[in-house]
Amino acid sequence: MTRVFDPARRERERLLVLEQRAQARAESAAVATGVAETVALSKARGAAFETPGPRRGERERPYRRQAGLEWLAGRGRLNAEQKAAGERYGACYRRAKNEGSIPSTLDVKPGMGSPGGEPLTRVLARAEGSAQAQAKLTAYRRQLWGQADLIAACDLICGDELTPREAAGGDREAGRLEAVLGVALDILAAANRG
């Protein structure tokens with residue numbers, strides 16, 4: 001069977017490919033515009049982002065939101081010891097905050113890889129880890145003498161990973177929150193040393 005050259009068919013295929021490319025470019029531009037708008041709104045609320053500028057020979061990198069501790073340390077407002085203390089507090093806070101209740105025994109399907117649910121050992125290990133995190137968090141809060149401002153600063157910036165401006169809602173209160181956080185992290189770092 002010989003193939004017959006059909007210029008009209010070839011032209012339709014070429015136009016179809018051009019149309020698909022144009023649609024892909026338009027969709028990509030719309031997504032980029034949406035991302036830029038979202039990032040701009042978040043920045044206006046006080047969030048910090050790592051600028052994604054492409055490296056030589058690479059495609060454009062995505063935006064990466066900076067956590068509060070990372071943002072403060074990157075500006076030289078926290079030393080390494082304070083940052084480490086904040087990271088320990090934040091890890092315990094997030095683990096304790098996200099603890100799920102132990103499901104009822106009707107929901108748990110014991111056994112290795114059972115299709116109906118998680119193995120009982122994994123459920124119990126997760127619950128034990130959450131309980132340990134809650135105990136550590138309670139100990140950290142005791143080290144802060146139960147002071148509401150110190151605990152709130154650690155919860156917002158270390159735990160919820162907000163920047164001071166995001167957490168406080170404005171520049172003036174952000175400065176105060178940053179100062180309170182510095183005191184709290186100094187206390188936690190000193191307690192860790194001793």
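Computed about its Cα centre, the charge dipole of the range 7-66 is approximately 180 debye, with only Lys, Arg, Asp and Glu carrying charge at their Cβ. Neighbour counting of Cβ atoms within 10 Å sorts the residues W145, W71, fewest neighbours leading, into W145, W71. Taking amide H as placed 1.01 Å from N in the peptide plane, the amide H of F49 sits under 5 Å from that of Q66, each at least 5 places away or on another chain. First obtain the Kirkwood hydrodynamic radius of the range 119-194 from its Cα pairs, then insert it into the Stokes-Einstein equation at 10 °C and 1.306 mPa s, and state the resulting D in µm² per second as a whole number. Value of D from the Cα-based Kirkwood radius: 116 µm²/s. With the simple model of a label 7 Å out from the Cα in the direction of the Cβ, S28 to N98 spans 3.3 nm. 3J(HN,Hα) along the range 185-194: 5, 4, 5, 5, 5, 5, 5, 6, 5, x Hz, from the Karplus curve 6.51 cos²θ - 1.76 cosθ + 1.60 with θ = phi - 60°, whole Hz, x for Gly and Pro.
Which shape class applies to the range 7-66: rounded if a/c is under 1.5, otherwise prolate when a/b exceeds b/c and oblate if not, where a ≥ b ≥ c are the square roots of the Cα gyration tensor eigenvalues?
Details: a/c = 7.46, a/b = 2.54, b/c = 2.94.
Since a/c reaches 1.5 but b/c is at least a/b, the shape of the range 7-66 is classed as oblate.
With R₀ set to 30 Å, the beta-carbon distance separating T38 from E87 gives a calculated FRET efficiency near 0.65. Quick one: go through the range 14-49 and flag any residue whose amide nitrogen is under 17 Å from the point 7 Å out along the Cα-to-Cβ line of R65. Answer for this model: 34-49.
Placing a pseudo-label 7 Å from each Cα along the Cα-to-Cβ vector at Q20 and A152 gives an inter-label distance of 5.7 nm.
Add +1 for every Lys or Arg and -1 for every Asp or Glu among the other residues with Cβ under 9 Å from the Cβ of Y93, and state the total. Working shown, then result.
Details: positive: R94, R95, K97; negative: D155, D160.
Net charge in that neighbourhood comes out at +1.
The modelled label-to-label distance for the pair Q132/R172, using points 7 Å beyond Cα in the direction of Cβ, is 4.6 nm.
Coordinate-derived values only; no laboratory data. Given the structure is predicted, the values throughout are model-derived calculations rather than measurements. Here the Cβ is made from the backbone with ideal geometry for all residues, glycine too, and neighbour counts use every protein chain on show.
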